[in-house]
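What follows is a short report on a single structure.
Nothing in this text is a laboratory measurement; each read-out follows from the coordinates by a stated rule. Computed from a prediction, not measured in an experiment: that's the story for all the values here. Cβ atoms come from the backbone with ideal geometry, glycine included; neighbour counts cover every protein chain shown.
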Amino acid sequence: MPMQDATTAGGAWLVLALVVPVAGLLLALLLGGRGAQRIALLALPPGAVAVAAVVMHLVESGEAVVYQLGGWPPPLGIVLRADGLSAAMMAMTVVVLAAVALYARADFSAPSGQLESRRPFVFWTLLLGVWAALLVVFLAGDLFTLYVALELVAFSAVPLVCLDGRAETLQAALRYLLYALAGSVLYLVGAVLIYGGYGTLDIGRLAQAARADTVTVIAVALMTAGLLAKTALFPLHLWLPPAHAGAPAAASALLSGLVIKGSFFIVIRLWLDAFGSVMTPAAAQLLAALGAGAIVVGSVVALQQARLKLMVAYSTVAQIGYLFLMFPLVLGAASAGAAAAAVAGGLLQAISHATAKAAMFMAAGLVYAALGHDRVADLRGAARALPLTIAAFALSGIALIGLPPAGGFLAKWLLLTSALESAQWWWVVVIALGGLLTAAYVFLVLSKALTTTAEPVVITPVPRSSEVIVLALAIISALLGVAALAPLDLVLIGRAEVMSGAR
C-alpha cells in the first residue's frame, strides 16, 4: 500500500512549523533593518513549539504525521509528511538555529544610535530562509518539491559565504554556487527521467512501482551525483573548505551544521524510500567507499592545516563521510532490526555532527575574535584566556571522535554493530581509523591551547553570553549518547513499510 496521504491528527502543526519561518522572512523583508533580527529571534519560540508538537504527535500515535495541502491528494496535490527521521531532523534544526541566532547577536546587530548596515539585515533574512527551506526538505513527499527546496537552500546559503565582501570569499561563494547549480541540473534531469518512466514523482508511489530498468538506474545515478555535489562528498568537496572557512563563524555554523544535511537527507529519501527496493548492495558499497575516502582524505588534510577554522572545515569533509556508511549496512542487513539500527546510527551521526560542528565553528570564531588570529601553532595560553570556549571545542571534539557519552559514540557503536552483524568488517576498520585521525587533529589543537606561557595572553574581550551559548551546544552534543535510553524503533515510526521494502 502507498504511504498515508490523508491529513492526520497533528497535521496542522506541520503547516505551522513551515509558516513561522516563512512569515518571519516576509516580515523581515518588509520591515528591514533592525527589525530582521528581532523577527528572527521572536520566530524561534513558536517554531520550536510547532516542531515539539509534531514530535509528540509522532511518538503518541506511532504513525507518520501528514497534512494534505488544499485537499488534493498526490500525485496532483502536495502532501507534507513527517516520519521518525524527518521529525528528528526538524528538532535538530531548531536547536542549532537557536544557538546560532543567539550567538550571532554579537556579530550581526545594529545597536541603537549607530547607523545600520546591510550585513546584519542580509544575515538574519538568510537565516530565516535556510530554516524555511530545510523544513520543506524534511517534510516534502515528492521529488519535485524536494528540488524546489534544494534551490531555496542553495540561494539562502551561498550569500552567507561572502557577507564580508572580500575577494576571496566572493570567489568561494561563486565556486559553491557553481557546484550547487550543477548539482541541481543533474537532480532535475534525473527527476524528469523518473517522471517520464513512472508518471509520478510522489515518493510513496515510486516506492511501490520502482523497477530496476535502465531509465531508473540512470535517473537515480544522476540525481545522486547532483546531491553528492551539494553535500560535498569526496571527491566533490573542493568548494566546501574555502566556503566554510571564509564565512563568518555564525554562517559557517549554519553551513556545516545544517545546510549540507539537507541534500544528505534527500539521498536517504531517494535510496531508502523511493527506490530502496531496487538499490543494489554494490551501488551502496560504492557510495560508502566515497564516504571512506572522505574520512581519510579530509582527516589527513585537516591535520596539515595551519589555521584553526580551515582545519575545522576539512574536518567537516571527513565527518560527512560517516553519513554514507549507513547505506551498505541498511541494504545488507539480515533483519529489519539490523536495518533500523543502521538507520538510527546514520541519523544520530548527522545530528551529533550538526551540534558538534556548529559549536566548533563558533568556538573557532571566538578564538579568532579574542586573539586576532586562529593560527594553531600560536594558540598557547588560549585555554587560560578563554576557558569556556576551549572547553566547548574539547566537548565538540569528543563528540566527533566518538567517545562516550557523546552522540557520536552511540552513532558509531550502532554502525559498528551493524557492520559486524552483516559481515562487512571493512567498515569497522574505516570507522576505527577515522576516530583515530579525528583524535589526532582535535588533540593537536587542545595540546597547543592548554600549553601555558610565561606571560599572560593579551586578548580582546568576547561576550561571555556567546561563550556560554557555544558551551551549551557542545554539552548537548557531548550528552546525545543518552539517546540509547530511547526505544530504537523511534526511527521506524512511519517507516516500517519503507524499511521492509529497502531490504
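Assorted remarks:
- Computed from point charges on the beta carbon alone (+1 for Lys and Arg, -1 for Asp and Glu), the dipole magnitude for the range 280-503 about its Cα centre is near 320 Debye.
- Cα shape, the range 280-503, gyration tensor, a/c 1.5 rule: prolate
- Theoretical ellipticity at 222 nm over the chain - DSSP helices of four or more residues, -39500 (n - 2.57) apiece, nearest 500: -23500 deg cm²/dmol
- Between the Cα long axis of helix 464-478 and the first principal axis of the chain there is an angle of about 40°, rounded to the nearest 10.
- Based on the Kirkwood approach, the hydrodynamic radius assigned to the range 175-277 is 14.4 Å, with every pair of different Cα atoms included.
- Point-charge dipole on Cβ atoms (K/R +1, D/E -1) for the chain, about Cα centre, debye to 20: 960
- Whole-number percent relative contact order across the chain, with pairs defined as alpha carbons under 8 Å at least 6 apart: 15
- (1) 150; (2) 217; (3) 127, with the label sought being that of the calculated volume of the Cα convex hull per residue in Å³: (3)
- The range 192-244-the range 1-68 distance, computed between alpha-carbon centres (Å): 27
- Charge tally in the Cβ shell below 15 Å around residue 13, where Lys, Arg are +1 and Asp, Glu are -1, residue 13 excluded: -2
- Cα-based Lys proximity count in the chain, under 21 Å, for pairs eight or more positions apart or on separate chains: 10
- Put the Cα centre of the range 118-188 next to the Cα centre of the range 331-367 and the gap is 22 Å.
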